[in-house]
């Protein structure tokens, strides 16, 4: 009755993203690649929105070149990426043909497994990307963003899993970005999916470790039949990161479940990143302990530091408790979105505004869009009065259709815009870089020839690159994915507000 | 089918002992006592060998006064201590009447629960202390030191549990000081004890978190029927410490198991120690990550740093791998003792000697004593050739009886010695302090009137107190319990070697 549990190693993407603000340079990963390739992982997560962003914003690294390097150095491994559905790796919806091109190019450059998610769990935002992956013959993994609310039941999640299966997904990911997945629901959810979608449905479980309970959740998920679990090598684990790979291996000893992992290789990988990590000390997450308050507040650590920073700027740091109380209200008014990028920032900023200026007296453009359906459908109904205020502020109507259906074919226009930039090499990859990060790509293209920067080696080299122009967001030290620029309308006046960690 | 799981809070003893080298001053604990008292714990561990030692060695605090303060501030709580059987809180065996006096005085000053252990699991070293506790009417908890070896089977541990029950213990503790207790043996062991000793046998599980798997072990222990588990508040948890109390509470949500703990109180306790901890930064354990290598090497983190320090002093830092390979050999030759203070230091130092000077060419006096039975019986047979060498070096024969049976009544002599010291107040408590820490007590008695020192507040105040005389071990910064002085005989010459962390 022994069963093999497969493992995805996260250290090359979510591990350093969660603990070192995504700043790790490729050259600090290269020496570990052979051991990772030979250790016996099911897949190696190594690419996603924040790593792509950090490559061009901070590291002067071509993210496509990084991908090709991984492909070359890990010939025996499935490379895995995290894809934000219709948003790709950017912050807006893209028209379907752009989504297709991105998937094609990623597959061509070596990607094997596409984990596709949508912050609102709106399946319409996942369909096009998943279809594209299926067409390339690569592994399409449909994702459930796990959260808790009065409306988020095991049955609803299981129903979503069935819809993802119907789209042709080869596996279903339960993505617990805020470490809210306790052991019992982990068990119930995996069991529910297996029962509803068939025992042969591959269930892949991704949990963070912020609340300290999720290694137990992995145990329970495995007992319920989970096939693959995500961990990060111990020297880049825990806190707002993930459970340690080695601990998973040891946990299973004697239980009848085993991994295929080679402990000697794991030790070498551990030692490598243990040596590298201290060089990135200035980028360390503040959240290296255990934060069970998240269960009650629903507010991930990164989101709290964002809100604290906003309050401080307004000289209202003492209002943080009011804001923490307001967040669940705003979330309820918005139909209980999961709190994950970008919904976490949108809801958090609106909570700050509500506390400082009165409830919904000022709205961010993004919050208005969320209320009006421009990010997609939420699980619960949205508050009609707030929707009305949003429509008035944004001067547009609510929609119920798929947001991307509003978009016209845009590839040629995106291509033209990219090709006009100094340093653009004319490839589809460059066009995609510019399409997803229009504010950052021009500088990157212009400077690319200077080669990669490693921010770790000397303290003085770790200073942020100078801003290229007034419109460009300044370089913060926080995780890339936490910086969002809002258009804020107060009465008739529009303000641009950039939110980033302190 | 809901069942209440009881919890022992460790932060006032093992929590700061494992993470802050036992340096926390009473005044930094006092503000948390009301919340701890009201939070709903089964017991509060707050006293033991290292805290006692640190009080008189570093903090100029009377440990008995600390105990009385806890008693006063936590009137609703069971206070719990860790007692080294016949060693009490010291490093040698004491004659039975001294053991009885210590237990009586501890009970009188407010102790409720006595967790009694022996490093070799030799029940003869536990009997007297447990009998004394039973006589006082306080709670006697018999302890199994958990370890792994070819001889340590679930059945052997269960047999030991039965023997402890037969001595009148009200509960059985499984003490996993090195975080070696994986989930499956945790389940099997608790289940085995319940089946053999009766379902009403109270099983209390103590695990450290060093290997990262033991919160899962607690889950499994609870599923098997464990009644009480040990945790430490999250802001002083993990690494070489323990699993976070709040994570335990959250882990159980929805499982049918619950604790009686008040989450609002836990948050206040967490915040308090979160504020205090950074002030003790210089005493922080190096082991704040996850170390699964311990499973293979059997060598706890603190022991590795000891051996590294010894090798460095000999200019042989590059031999550490040889030493790590030698430790399991020495352990086998010594009959597989659990590696816990003092056996971990004794075995580790001998492994260093074996590597540097040839196998058993030089022996420490303590290692000879261990081989000759002067610490008690080991689970396995000891190597006859090494025993012979030990007898030759130590110029004494092996014994098979209970070590304390060799001792003559010593209370009056101990009393006389203590009373002769300047500053001794003539109480039995002072006599016990001197009996257990004869090298430290004279200075403490002489300086006691100056009042407690808090090593945390200013960096310059954190310097170690000056040594009182040539024979006194120097004050290191490592955990108190890791410093051991050895008499080393090489040929005919005797050397005194003090081992402490780097």
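Table for the structure above
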item	result
Any hit, segment B:161-178, residues being outside any helix (DSSP H, G or I) and within 11 Å of chain A (Cβ to nearest Cβ)	no
Residue list for segment B:19-57, restricted to those being in contact (Cβ under 8 Å) with a residue 60 or more places away in the chain and closer than 17 Å to residue B:90 by Cβ	B:22, B:47, B:49, B:50, B:52, B:53, B:54, B:56, B:57
Matching residues in segment A:154-169 - criterion: being in contact with a strand residue (DSSP E or B) (Cβ under 6 Å, 6 or more places away or on another chain) and under 11 Å from residue A:127 (Cα atoms)	A:164, A:169
Selection within segment B:234-256 - more than 10 Å from chain A (Cβ to nearest Cβ) and farther than 16 Å from residue B:210 by Cα	none
Meets criteria (surrounded by 19 or more Cβ atoms within 10 Å (Cβ to Cβ), at the interface with chain B (Cβ under 10 Å from one of its Cβ atoms) and touching a strand residue (DSSP E or B) at 6+ places or on another chain (Cβ under 9 Å)) for residue A:292	yes
From B:327, B:340, residue being within 30 Å of residue B:86 (Cα to Cα), away from every other protein chain (no Cβ under 14 Å) and in contact with a strand residue (DSSP E or B) (Cβ under 8 Å, 6 or more places away or on another chain)	B:340
Filter result (part of a helix (DSSP H, G or I) and farther than 26 Å from residue B:429 by Cα) within segment B:32-58	B:32, B:34, B:35, B:36, B:38
Residue in segment A:328-335 that is assigned to a loop (DSSP other than H, G, I, E, B) and surrounded by fewer than 24 Cβ atoms within 10 Å (Cβ to Cβ) present	yes
Residues satisfying the stated conditions in segment A:54-98, i.e. out of contact with any strand residue (DSSP E or B) (no Cβ under 9 Å at 6 or more places or on another chain), crowded, with 22+ Cβ neighbours inside 10 Å and within 15 Å of residue A:116 (Cα to Cα)	A:86, A:87, A:88, A:93, A:94
Number of the condition not met by residue A:29 [criteria: (1) more than 22 Å from residue A:277 (Cβ to Cβ); (2) over 19 Å from the mean Cα position of the chain (by Cα)]	(1)
Conditions (1) under 17 Å from the mean Cα position of the chain (by Cα); (2) without any contact (Cβ under 8 Å) to a residue 40 or more places away in the chain; (3) assigned to a loop (DSSP other than H, G, I, E, B); number of the one not met by residue B:75	(1)
Qualifying residue in segment B:277-284 (condition: within 14 Å of chain A (Cβ to nearest Cβ) and in contact (Cβ under 8 Å) with a residue 24 or more places away in the chain)	yes
Within segment A:361-428, helices (runs of 4 or more DSSP H) holding 3 or more residues that are surrounded by fewer than 16 Cβ atoms within 10 Å (Cβ to Cβ)	A:384-394, A:411-419
Residues of segment A:92-134 that turn out to be under 26 Å from residue A:7 (Cα atoms) and without any contact (Cβ under 8 Å) to a residue 12 or more places away in the chain, as a count	1
Candidate set from segment A:180-209 (those that are within 19 Å of the chain's Cα centre (by Cα) and at the interface with another protein chain (Cβ under 10 Å from one of its Cβ atoms)); member that is farthest from residue A:264 (Cα to Cα)	A:180
Hey, residue B:312 over 24 Å from the mean Cα position of the chain (by Cα), within 14 Å of another protein chain (Cβ to nearest Cβ) and assigned to a helix (DSSP H, G or I) or not	no
Hits in segment B:18-60 - residues which are at pLDDT below 95 and within 16 Å of residue B:206 (Cβ to Cβ)	B:18, B:19, B:49, B:50
Exclusive hit being part of a helix (DSSP H, G or I) and modelled with pLDDT of 95 or more, set B:15, B:110	B:15
Residue match in segment B:449-461 (condition: in a helix (DSSP H, G or I), closer than 29 Å to residue B:28 by Cβ and modelled with pLDDT of 95 or more)	yes
Meets criteria (within 23 Å of the chain's Cα centre (by Cα), over 27 Å from residue B:18 (Cα atoms) and in contact (Cβ under 8 Å) with a residue 40 or more places away in the chain) for residue B:380	yes
Residue match in segment B:316-325 (condition: surrounded by 22 or more Cβ atoms within 10 Å (Cβ to Cβ) and in contact with a helix residue (DSSP H, G or I) (Cβ under 9 Å, 6 or more places away or on another chain))	yes
Selection from segment A:444-460 of residues that are within 17 Å of residue A:52 (Cα to Cα) and buried (at least 21 other Cβ atoms within 10 Å of the Cβ)	A:444, A:455
So residue B:212, is it within 8 Å of another protein chain (Cβ to nearest Cβ), in contact with a strand residue (DSSP E or B) (Cβ under 9 Å, 6 or more places away or on another chain) and surrounded by 24 or more Cβ atoms within 10 Å (Cβ to Cβ)	yes
Filter result (within 30 Å of residue B:232 (Cα to Cα) and surrounded by fewer than 20 Cβ atoms within 10 Å (Cβ to Cβ)) within segment A:161-187	A:184
Subset of segment B:220-233 that is in contact with a helix residue (DSSP H, G or I) (Cβ under 6 Å, 6 or more places away or on another chain) and within 18 Å of residue B:173 (Cβ to Cβ) - its residue that is nearest to the other protein chains (Cβ to nearest Cβ)	B:220
Enumeration of residues in segment A:194-205 that are within 17 Å of residue A:5 (Cα to Cα) and assigned to a helix (DSSP H, G or I)	A:194
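The values are calculated or read from the model by the stated rules, or taken from the named source; none is laboratory data. These numbers were taken from a predicted model, which means no experiment stands behind them. With ideal geometry, Cβ positions are generated from the backbone for all residues, glycine too; neighbour counts draw on all protein chains shown.
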